[in-house]
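Engineer: Can you keep this structure in mind? I'll have questions shortly.
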Amino acid sequence: MRALATLIIAGLAAALTTALSSAAAEAVKIRASWVVAPSDWTPLLPEKPELMKNNGKTYAFEALRFQGTPSVITALANNEIELGNLAFSSLALAIQNAGLEDLRIVGDQFKDGTSGHYSNEFLVLADSPIRTVEDLKGRIVATNTAGSAVDVAMRAMLRKHGLEDRRDYTVVEAPFPTMKAMLVQKKADLATFVAPFSFDPELKRIARVLFTQKEALGPTQMIVWVAHPLPAEEPSGDGRLHGGRGARRALVSRPRAPRRGRADRRQAHQAASRAVRELAVHEQGICAQSRSSSGPRRVALQHRCTARSGIPQGTDRRAQIRRSEYRAGSRGAVEVAQ
C-alpha cells in the first residue's frame with residue numbers, strides 16, 4: 001500500500017504541479033474515487049500524512065465515494081476526478097462505450113481469486129432452500145450496480161447454469177453496506193459481498209456461500225487506477241508512468257488528443273473497410289496478370305498469389321469480403337457483404 005500510494009499520488013502531484021506551473025501558488029486539486037474501504041484504500045490515505053507530505057501545500061487531495069466503478073466512468077468523462085479506480089468490466093466500458101480512449105493505467109490496486117487469497121462471495125441465508133445456482137430461477141438477486149465487476153461475475157455464473165436476467169431472475173441494486181439487511185429482511189435471495197462486509201461474524205452465522213467470483217470467472221485483475229494524460233510540457237512525453245525510481249517522481253505527460261466520438265470511430269471504420277476492398281481488388285488484378293504474363297514475371301506473380309492460400313482467389317473474391325458498418329437505429333455494428 002505504501003509503495004503504490006507513493007507511486008500514484010507523488011507521481012501525479014509532480015506532473016500536475018509541472019503542467020500548471022503558472023498557477024504554482026495555488027494548490028492543485030487531486031480528486032480520487034473509491035467504492036468500499038479497505039479494499040479501496042483511497043479514504044485511508046489522509047490517515048498517513050507521512051505518505052503525502054505536500055498535501056495541502058502543492059496539492060490538495062480529496063477522496064470521493066461512488067456506489068460502483070461504472071459511475072466512476074461518468075466522473076472521469078466530466079473531469080470531476082483526476083484518479084479513477086475501475087474494474088476489469090468498467091475499464092472496457094469506459095474505452096469502448098464512453099470513448100475515453102486516452103485513459104492510462106497508472107497503478108494496480110488488487111486482484112481477486114489469486115491462489116490462497118480471498119475472492120468475493122455471493123451468499124444466501126443458511127436456512128434457504130437454495131442449494132445450487134439452478135435454484136435461483138425465479139428468485140431475486142442483489143448487486144451493487146449494473147456493470148460492476150461483481151455484477152458481471154454474478155451474471156456470468158448464472159448464465160453458465162442456463163439462467164438469464166429478466167427471464168429467469170430479477171436483479172435489484174443496493175449499496176454493499178446494506179447487503180446483509182437485504183438478506184435478513186428477505187428482500188433478496190442472493191446478495192453480493194466484498195471485504196470487509198463478508199468478514200462479519202454474524203453474517204457468517206446466518207448465511208452461507210453459494211459461489212465465489214473465482215468460481216465464476218477464475219482469478220481476475222479486479223481494480224486498476226486510471227487517469228487522463230496531461231497536456232504535454234515536454235515534446236518527449238509519452239503519457240505513461242515510468243517504472244522503478246522514476247515512477248515515484250513524475251507521471252510523464254503526453255499531448256491530449258481529441259477524444260474520438262461515435263462519428264469519428266464510424267469514419268475510421270469505413271476507411272479501413274475501403275482499404276480492405278482496394279487491397280482485394282489490387283490483389284485480384286495481380287492474379288489476373290499471372291495468367292496472362294509469361295516467363296519469369298509469370299512465375300513471380302503466380303508465387304505471390306499461391307502464397308496467399310488463406311485468401312480466396314478468383315474473379316468472385318470481392319463477393320466474399322465482409323465488413324461491419326454502423327447503421328441508424330442499430331445498437332452496434334452490422335455485418336454486411338461487399
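Engineer: Return the residue satisfying two criteria in turn: it lies in the range 52-86 and is more than 21 Å from Ala174 (Cα to Cα) and β-branched (Val, Ile, Thr), and of such residues it is modelled with the lowest pLDDT.
Structural biologist: Out of the qualifying residues, it is Thr58.
Engineer: While we're here: Assigned to a loop (DSSP other than H, G, I, E, B) and surrounded by 15 or more Cβ atoms within 10 Å (Cβ to Cβ), is that true of Ser119?
Structural biologist: Yes.
Engineer: Right, here's the next one. Check off (1) touching a residue at least 40 places away in the same chain (Cβ under 8 Å); (2) closer than 22 Å to Thr192 by Cα; (3) in a helix (DSSP H, G or I) for Ala94 and give me the number that stays unchecked.
Structural biologist: (2)
Engineer: Also: Report yes if Ala14 is surrounded by fewer than 20 Cβ atoms within 10 Å (Cβ to Cβ), touching a Pro at 6+ places or on another chain (Cβ under 7 Å) and either modelled with pLDDT of 80 or more or not assigned by TED's automatic domain parsing to the domain that holds Ala149 (or both), otherwise no.
Structural biologist: no
Engineer: For the range 147-180, give me the residue count where each residue is out of contact with any helix residue (DSSP H, G or I) (no Cβ under 9 Å at 6 or more places or on another chain) and either in contact (Cβ under 8 Å) with a residue 60 or more places away in the chain or within 17 Å of Gln67 (Cα to Cα) (or both).
Structural biologist: 2
Engineer: So, of the residues in the range 141-180 that are among the hydrophobic types (A, V, I, L, M, F, W, C) and in a strand (DSSP E or B), which turns out to be surrounded by the fewest Cβ atoms within 10 Å (Cβ to Cβ)?
Structural biologist: Residue satisfying both the conditions and the ranking: Val172.
Engineer: All but one of (1) among the hydrophobic types (A, V, I, L, M, F, W, C); (2) outside the structural domain of Val171 (by TED's automatic domain parsing); (3) at pLDDT 90 or above; (4) part of a strand (DSSP E or B) hold for Leu100; state the number of the condition that does not hold.
Structural biologist: (4)
Engineer: A follow-up question, please. May I ask you to verify whether Phe122 is at pLDDT below 95, under 29 Å from Lys187 (Cα atoms) and aromatic (Phe, Trp, Tyr)?
Structural biologist: For Phe122, the condition - at pLDDT below 95, under 29 Å from Lys187 (Cα atoms) and aromatic (Phe, Trp, Tyr) - is not met.
The values are calculated or read from the model by the stated rules, or taken from the named source; none is laboratory data. These numbers come from a predicted model, not from an experiment. Glycine gets a Cβ as well: all are built from the backbone with ideal geometry, and neighbour counts include every protein chain shown.
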